[in-house]
Amino acid sequence: MTARSSLLLALVLLPATTARPASTQDFELTVATIMRGPELVGTEPSSVRWTEDGRWIYFQWKPGGRPWHEEPESYRVPARGGSPEIVSDAHMDSVGPLLASGDVSADRRWKVVSHDGDIWLIERRTGSMTRLTATGSAERSPVFSPDARTIYFVQGDDLFAVDRGTGGIRQLTEVRKGPADPDDPEPEGLAGYLEAQQRELLEHVRREAEERERRETEREAREAAERQPVRIDAKERVFGMVVAPTERWALLHVGREAEEERQTIVPDYVTESGYTRPLEARSKVGDRQSSARIGLVDVQKGGVAWLDLSPDVRIDPADSAGRPAGEHPDLAMADLVGWNDDGSMALVSAVSFDFRHRWLHLVDAGTGEVRTIAHDYDRAWIGGPCSFCAGWMPDGRSVWFVSERDGWAHLYTVRAEGGEPRQLTSGQWEVHEVALSPDRRRFWLTTNEGSPHEYHFYHMPVSGGERTRITGPAGFHDVTPSPDGDRLADVHSYSNRPPELYVLQNRPGAAMTRITDSPTAEWKSFGWVAPEIVRFRARDGTMVPSRIYRPTDLGAQANGAGIIFVHGAGYLQNVHRGWSSYYREYMFHHLLAARGYTVLDIDYRGSEGYGRDWRTAIYRHMGGKDLSDQVDGAAYLAAAEGVDAERIGIYGGSYGGFITLMALFTRADHFAAGAALRSVTDWAHYNHWYTARILNQPQDDDEAYRRSSPIYFAEGLEDPLLIAHGMVDTNVHFQDVVRLAQRLIELGKTDWEMAVYPVEGHAFIEPASWADEYRRILELFEENLGALDPR
């Protein structure tokens, strides 16, 4: 009998009672049951919105027990709480403007919104609605004048104004694509000679020429007095336009698609027609990228002055590895933040093409001068939670913004005239969301202050100072305040409780009233655990946070084997006390623990929630510290949890699949088997906006791409590998694993297999696909990690 056969026999002989807690359960802990997913736990309440009068809360939701393919439905509940009621599509159409976001007048009486392409005016106290436009074109971005008598909006490429009282509409700009028509050239050569001769010899010709020139001079004078058109390139399109409250100026944001950019094609094989359908997906990192620019439009006279938003910055050669040094970085993005209340200044944000610089600029409406008031620089890349959050302070003479300049995402203010920014929050925690209260006296913050594993809602005076925590229970809180700020709609979850909608008063210690109840009774009948959060010491001394699932948590005996789960996205947090977005894996880990496996789920370097240094630790080397954290996690399992170091498996999807491949290809002595799902195999084939931040561009930094891409290390495969991928994945393309498969074939590797899913994209949808994939993962671990005599 082989060693593997004996392990399988021992597994078969284990008592079935180790697969669940001792108490009577209605829930069957199997792969097929777990992968029913939303049929068990529902979908979390989303698109939470208040009516403008604060009387009702609307949201999308699907409770458990519904078929997996059914879409969430619309619900509403009174602000005081109660049972949610389903509302029809017709009802949602009738209240749509009341639920749309928009601009509120200075006296707080009116709100203006764009809904289904038309502009609606809402009286906030009564909820009465008036439709101001009804056209075949889409109107968008409505804002009030300071006295709320005029509403400005964008239609097509132009700015318009509508009088709130009369309904009269004026066009304020005329944006034209392409250059102006050129003047007729002066005749030259023989034509010029003959024309001059005619004027010299014939009075009739001279008289007609003089009259024509007089009329031309008068026309030019009239046109000079009229509003001039705004010229943009023929290949540009208007992204947005924001008018100053004075109606004197507007900021124009235009973009240009990349020329000669190649789009990858993903074939869709399972179609109604029977013919393969090509899906246009995206370009690859390093390909030509789109560009944008911002101009200051003179609304009265016309014309536009294009703003220089990338000041001369000399890049330190010591920091330029993989990136060409330069004096004048191009822009990766520019954003219109908005005007101050009196329309004298506009706030604009810009990020350099190499992602290392972020500027906050003020545009002087009187002169068009651009003045930089804040500049952030990161040797890796600008990022972090709320990394591009900024806005005007209530005084209109200072600006707030979020920055990682002290190593953590915190709130700062800076005066319009410049100077050193003032830090309002500090500590080893992060600000994730920022808003001003309706009375503009307080900041509303969502942070992980107190613990990196929880997120709570706080109040803080606009001047800074002590923060007051509003939400009480441990876990995650995603808060939507009522329009008047008095009440909160809170989607709250805990490690072993899916997100539910609650309502409460917006004050400390307020009682929470639950609105939704998502999971089925079947799911609730099981003893789902809140996994313990542990920290292990990495090789560089860093303490790495992890969730651990022990067999004893499930009333089972340990079988001596361990499994490491690697979350996806890279910059994502999965070690926390909220409901995991990987909730199927959360349940799967219960199944593994019930079968005797100890499971470790690590927030490795590069994950969200732990500050700038943690976030950027993977710069120019994905598969470096993020991978060594998995290896050190395996060592922790052996040293602290009694796991056999020779019987540790690893699996994950997307970025987690990439790490799994790197683990089996480059750290084979630490892992006995692995399952790589929807994996990036070569970063030179992923998208630009994610990859270029971390690894630069492949044509500029070949070293970073070679040491970070599993396909270059495939010869290191020694242990069993499962590769699983959706064939219509438009994010990480199926081509990634096809290329890797060819590489493995050419290397003569045999201990691997591939499972393909013809109708699945990056995020699987159908329970049958989920169940097939995780059945294969379970079989991989059972066959290769096995179960020794229980202990």
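The values are calculated or read from the model by the stated rules, or taken from the named source; none is laboratory data. Values in this document were obtained by computation on a predicted structure and should not be read as measured data. Virtual Cβ from ideal backbone geometry, glycine too; neighbours counted across all protein chains shown. What goes into the accessible areas is simple: the full protein's heavy atoms, side chains included, and nothing from ligands, DNA or RNA. Shrake-Rupley method; radii C 1.70, N 1.55, O 1.52, S 1.80 Å.
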Compute the long axis of helix 189-201 from its Cα atoms, compare it with the longest principal axis of the Cα atoms of the chain, and write down the angle in degrees, 0 to 90, nearest 10.
30 degrees
Residue farthest toward the positive end of the dipole of the chain, with Cβ of Lys/Arg at +1 and Asp/Glu at -1: which of TYR705, SER273, ASN506?
ASN506
With volume of the Cα convex hull per residue in Å³ defined as stated, name the option among (i) 219; (ii) 233; (iii) 194 computed from the structure displayed.
(i)
Listed by chain and number, the lysines with an alpha carbon less than 20 angstrom from that of LYS177, same-chain partners under 8 positions apart left out, are LYS235, LYS301
Given R₀ = 45 Å, what would the calculated FRET efficiency be for HIS375 paired with ASP158, taking r from the Cβ atoms and rounding to 0.05?
0.85
If one computes the Cα centroid of region 71-90 and of region 400-431, what distance in Å separates the two points?
40 Å
Could you give the nm distance between label points at TYR275 and HIS204, where each point is 7 Å from its Cα heading toward the beta carbon?
6.7 nm
Checked against the positive end of the charge dipole of the chain (+1 on Cβ of Lys and Arg, -1 on Cβ of Asp and Glu, about the Cα centre), the farthest of HIS621, ASN496, TRP392 is ASN496
At 1.4 Å probe size, with no ligands or nucleic acids counted, give the accessible surface of MET241 in Å², nearest ten.
10 Å²
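In debye, nearest 20, what is the charge dipole magnitude of the chain about its Cα centre with +1 on Lys and Arg Cβ and -1 on Asp and Glu Cβ, if you could check? Please report the intermediate quantities before stating the final value.
Numbers: 87 positive and 120 negative charges, 484 e Å.
Computed about the Cα centre, the dipole is about 2320 debye.
What FRET efficiency would be calculated for the residue pair ASP486, ASP116, taking the C-beta separation as r and a Förster radius of 22 Å, to the nearest 0.05?
Numbers: r = 30 Å, r/R0 = 1.35.
Calculated transfer efficiency: 0.15.
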For THR367, placing the label point 7 angstrom along Cα-to-beta-carbon and taking region 403-429, residues whose amide nitrogen sits under 14 Å are 417-418
State, to one decimal in nm, how far the label point of THR126 lies from the label point of LYS235, with both points 7 Å from Cα in the Cβ direction.
5.3 nm
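Would you mind calculating the gained length between ARG469 and ARG109 on full extension (0.36 nm times residue separation, minus the Cα-Cα distance), in nm to one decimal? Can you show the working numbers first?
Details: separation 360, 0.36 × 360 = 129.60 nm, distance 2.97 nm.
Separation in residues times 0.36 nm, less the Cα-Cα distance, equals 126.6 nm.
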Distance from region 535-558 to region 106-174 (C-alpha centre basis), Å
56 Å
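Would you mind getting the accessible area per residue of the chain, heavy atoms of the protein chains only, 1.4 Å probe, in Å²?
Details: 34320 Å² over 791 residues.
With all protein chains present, the chain gives 43 Å² per residue.
Kindly rank 650-660, 451-461, 254-264 from highest to lowest mean number of other beta carbons found within 10 Å of each residue.
So the order, starting with the most tightly packed, is 650-660, 451-461, 254-264.
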Nearest-ten-degree value, helix 767-784 long axis tilted from longest Cα axis of the chain:
50 degrees
Need the C-alpha centroid separation for region 596-617 versus region 662-728, integer Å.
18 Å
Taking 0.36 nm per residue of separation between SER437 and ARG422 and subtracting their Cα-Cα distance, the length gained on full extension comes to 3.4 nm
Between ASP268 and PHE388, what is the spin-label point distance in nm, taking each point 7 Å from the Cα along the Cα→C-beta axis?
2.8 nm
Would you list, by chain and number, the aspartates and glutamates whose Cα falls below 12 Å from the Cα of LYS524, excluding same-chain residues fewer than 8 positions away?
ASP26, GLU28
Between HIS621 and ARG248, what length comes free when the chain is fully extended (0.36 nm per residue of separation minus the Cα-Cα distance, one decimal in nm)?
129.3 nm
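Quick one: compute the contact order of region 637-775, relative version, from alpha carbon pairs under 8 angstrom and 6+ residues apart, as a percent. Don't skip to the end; give the middle numbers.
Working: 232 pairs, mean separation 31.1, N = 139.
That works out to 22 percent.
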By how many degrees, 0 to 90 and rounded to 10, does the Cα axis of helix 655-666 deviate from the longest principal axis of the chain?
60 degrees
